[in-house]
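Visitor: After the structure tokens below, expect a handful of questions from me.
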Amino acid sequence: MQREMQRKNLFRTSPTWVADAIVYEIFADRFNRSGRVVAQDSLFFQSWNDEPSRNGFHGGDLYGVIEGLDHLERMGINCIYFTPIFSSAANHRYHTFDYFQVDPLLGGNLALDMLISALHARGMKIVLDGVFNHCGRGFWAFHNLLENGKKSPYKDWFKVHQFPLSPYVKPGEDCGYSCWWNDPALPKFNHKNPIVRDYLISVAVYWLERGIDGWRLDVPDEVPLDFWVQFREKVKEINPEAWIVGEVWGDARKWLKEGYFDGVMNYRIGWSILSWVGGEKLNKGYLNPEYPLKEINADAFIDTIETTFSWYSKKVNNSQLNLLDSHDVPRALNTLGGDISALKIALCLLFLQPGAPCIYYGTEVGLSGGAEPACRECFPWGYDWDIDLCSYIRSLVELRKNIPLLSNGGIKWRALGENGLFGSLETGEGTNSEHKGPLLIYINRSKRSFIEVELLRDECLFLVGEVSMESKFLAPQSLVLLNGLP
């Protein structure tokens, strides 16, 4: 009875720090190369300025991340989410072959230890990517299976349906085992095997005990739900404040209502913001039904975000990872056709939602790569940035910090003409906010049209674009946050 109560409490537990988190996603091979990794000596790397490719390595490493922490802290970032960093034969490292070793090209385990210490000394968190659905073709147990066939002691670690196995088959041929999206480079684990489960959970425990603050889980919808029950129990026993985030792109009620994860990567918020802000100039070349980039009006945008947040409890909404883009989709600036003003409005809308906003590395300096691998370009250290949104992102962080009610899920939105959006938030007398409001938000997405509004009697708290308090018109591509005076 007591054990069952403890288990239920673990499923009710959510990390308290996430509601105040400002997350920065880093693709480790492309963020910063320190020159301090001995394992990189005399090896071939693509030039830092080369276009990103599916197979090339540029040599970014974890010491380089440590060197970049001042830059992140100046923006107000307090949490880093890393795409996979464990030993792998792929630059993105989703093809894991050793879950207990940070890739030597990134600096190895010592570099991660130093990074964790440096982050925690600054009051910052670190979340790692857990690829527990499948491994890489070079994973030690799978390698044993390839070498020994039916006699391998690790035969039941994977889903084999015929021998001999063919890990390098031609298109249309059967490799002999189950793999992620029919890619023979990614054999799927057999989660029915308790030894496999124990191994994967031991990976999660090992890195939590080493100091990480959470796990982002790759394709968790392809893993049996009962595995995530065991996973959460163990993770929360180690650290009740650990953040468990699932990569579920759409409706995640199946995983969040029952408490398997604290939150998910909230892509619905991202594509709906970009689809409204981009309007008729939206770059629609990327086709993905789970990330549908198509022009929508204000009513459709409002319906999408209100429906999304209505699916979940307030606790869950505060634990979501909200993002405009990532390593898996075109960069926001690419989707917005290179329009910086539109990006600033999109970022502001992102910061006004409950949950943790996530900035994809390089957004602040105008990186604008398209679909993968173009969205995984190298960060342009050592150059004068033509675009610098660092201070702007810092201002959004300060806005969210100074008026926490804005990101508490209480904003009521409605359409404002064909191209406008109006939001209002009643602060109430019982709140701790110094703004006794209401707080009013006016947004004009149009690149050329003005919207008639009444601004004369209000105090401006935040501004994007050119807005005059004496004017009755909201300028194109502008946003204004007002304290509506009584």
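Visitor: Taking H as built 1.01 Å from N, whose amide H comes closer than 5 Å to the amide H of Gln101, not counting residues under 5 places away?
Guide: Ser87
Visitor: Residue-wise, which Karplus ³J(HN,Hα) couplings in Hz belong to the stretch 81-92, taking 6.51 cos²θ - 1.76 cosθ + 1.60, θ = phi - 60°, and x for glycine or proline?
Guide: 9, 9, 5, x, 10, 7, 3, 7, 9, 10, 5, 8
Visitor: Please compute the length gained on full extension between Glu73 and Glu280, using 0.36 nm multiplied by the number of residues separating them and subtracting their Cα-Cα distance. Before the final figure, lay out the partial values.
Guide: Details: separation 207, 0.36 × 207 = 74.52 nm, distance 3.56 nm.
That works out to 71.0 nm of additional length.
Visitor: For a Förster distance of 25 Å, can you work out the FRET efficiency between the beta-carbons of Ser178 and Arg253, rounded to the nearest 0.05?
Guide: About 0.40, to the nearest 0.05.
Visitor: Can you find, among Ser368, Asn483, Leu293, the residue sitting farthest towards the positive end of the charge dipole of the chain, where Lys and Arg contribute +1 and Asp and Glu -1 at Cβ?
Guide: Leu293
Visitor: Now a separate question. With both bridge residues required to lie in the chain, what share of the DSSP beta bridges run antiparallel, to the nearest 5%?
Guide: Rounded to the nearest five, the antiparallel share is 55 percent.
Visitor: To continue, here is another question. Between Gln230 and Lys472, take the C-beta separation as r, use R0 = 56 Å, and let me know the FRET efficiency to the nearest 0.05.
Guide: On the way: r = 61 Å, r/R0 = 1.08.
Working from the Cβ atoms, E equals 0.40.
Visitor: Considering the options Phe473, Ala141, Ile387, tell which one lies farthest towards the positive end of the dipole of the chain, charges being +1 on Lys and Arg and -1 on Asp and Glu at the Cβ, about the Cα centre.
Guide: Ala141
Visitor: What distance in nm separates the two pseudo spin-label positions at Glu454 and Ser424, each 7 Å out from Cα along the beta-carbon direction?
Guide: Reported label-point gap for Glu454 and Ser424 is 1.1 nm.
Visitor: OK, next. Got a sec? How would Ser368, Ser310, Ser152 order by Cβ neighbour count within 10 Å, fewest to most? Walk me through the intermediate numbers first.
Guide: On the way: Ser368 22, Ser310 8, Ser152 19.
By the 10 Å Cβ count, ascending: Ser310, Ser152, Ser368.
Visitor: Is there a quick way to get the dipole size of the chain? I mean about its Cα centre, with the Cβ of Lys and Arg at +1 and of Asp and Glu at -1; what is the value in debye to the nearest 20?
Guide: Working: 49 positive and 60 negative charges, 239 e Å.
Value, rounded to 20: 1160 debye.
Visitor: Mind listing the long-range amide H neighbours of Lys125? Cut-off is under 5 Å, sequence gap 5 or more, other chains count too, H placed in the peptide plane at 1.01 Å from N.
Guide: Answer set, sorted by chain and number: Cys79, Ile80.
Visitor: Are any of the pairs Lys294/Lys447; Lys284/Lys401; Lys236/Lys401; Lys234/Lys401 more than 26 Å apart by Cα-Cα distance, and if so, which?
Guide: Values: Lys294/Lys447 17 Å; Lys284/Lys401 34 Å; Lys236/Lys401 28 Å; Lys234/Lys401 33 Å.
Beyond 26 Å between Cα atoms: Lys284/Lys401; Lys236/Lys401; Lys234/Lys401.
Visitor: Just grab the label-to-label distance for Glu241 and Lys314, each label 7 Å out from Cα along the Cβ direction, in nm (one decimal).
Guide: 2.2 nm
Visitor: Right, next: Given the DSSP H assignment, sum -39500 (n - 2.57) over each helix run of at least 4 residues in the chain and divide by its residue total; what's the result at 222 nm in deg cm²/dmol, nearest 500?
Guide: -8500 deg cm²/dmol
Visitor: Would you pull out the residues with amide H under 5 Å of Gly130's amide H, same chain only if 5 or more places away, H placed 1.01 Å from N?
Guide: Sorted by chain and number, the residues that satisfy this are Arg216, Leu217, Asp218.
Visitor: Next question. Pull out the extension gain between Leu110 and Phe44, defined as 0.36 nm times the separation in residues minus the alpha carbon to alpha carbon distance; nm, one decimal.
Guide: Numbers: separation 66, 0.36 × 66 = 23.76 nm, distance 2.28 nm.
Length gained, Leu110 through Phe44: 21.5 nm.
Visitor: Quick one, what does Rg over Rh come out to for the stretch 23-80 if you take C-alpha atoms and the Kirkwood Rh? Mind dumping the intermediate values first?
Guide: Values: Rg = 12.5 Å, Rh = 12.4 Å.
Answer for the stretch 23-80: 1.01.
Visitor: Considering only Cys175, Phe158, Ala185, whose Cα is most displaced toward the positive end of the charge dipole of the stretch 137-188, charges sitting on Cβ of Lys, Arg (+1) and Asp, Glu (-1)?
Guide: Checked the options; the winner is Phe158.
Visitor: Then there's this: When the Karplus curve 6.51 cos²θ - 1.76 cosθ + 1.60 is applied with θ = phi - 60°, which whole-Hz ³J(HN,Hα) does each residue of the stretch 260-277 get, with x for Gly and Pro?
Guide: 5, 10, 6, x, 9, 6, 7, 4, 4, 5, x, 5, 6, 4, 5, 5, 7, 4
Visitor: In debye to the nearest 20, how big a dipole does the stretch 320-422 give about its Cα centre with +1 on each Lys and Arg Cβ and -1 on each Asp and Glu Cβ? Walk me through the intermediate numbers first.
Guide: Values: 8 positive and 11 negative charges, 115 e Å.
Around 560 debye, computed over the stretch 320-422.
Visitor: How many nm separate the modelled label positions at Ile340 and Arg122, each set 7 Å beyond the Cα in the direction of the Cβ?
Guide: Each label point lies 7 Å from its Cα, and together they span 2.4 nm.
Visitor: While we're here: Can you tell me the length gained on complete extension of the stretch Lys447 to Arg414, counting 0.36 nm per residue apart and subtracting the Cα distance?
Guide: Details: separation 33, 0.36 × 33 = 11.88 nm, distance 2.00 nm.
The span from Lys447 to Arg414 would gain 9.9 nm if fully extended.
Visitor: Another question about this same structure. Go through 202-212, 312-322 and give me the packing order, highest mean Cβ count within 10 Å leading.
Guide: Values: 202-212: 16.7, 312-322: 21.7.
Answer by packing, highest mean first, reads 312-322, 202-212.
Visitor: Under a Cβ-only charge scheme (Lys and Arg +1, Asp and Glu -1), can you give me the dipole magnitude of the stretch 184-258 about the Cα centre, in debye to the nearest 20? It would help to have the intermediate numbers written out before the result.
Guide: Numbers: 11 positive and 13 negative charges, 28 e Å.
Rounded to the nearest 20 debye, it is 140 debye.
Visitor: What ³J(HN,Hα) values, in whole Hz, does the Karplus curve 6.51 cos²θ - 1.76 cosθ + 1.60 give for the stretch 370-387 when θ = phi - 60°, with x put for Gly and Pro?
Guide: x, 4, 3, x, 4, 7, 10, 6, 7, 5, x, 5, x, 10, 6, 7, 5, 10
Read the figures in this text as sums done on the coordinates, not as results from a lab. Small disclaimer: the values here were computed from a predicted structure and weren't measured. No Cβ is skipped: glycine too gets one built from the backbone with ideal geometry, and neighbour counts run over all protein chains shown.
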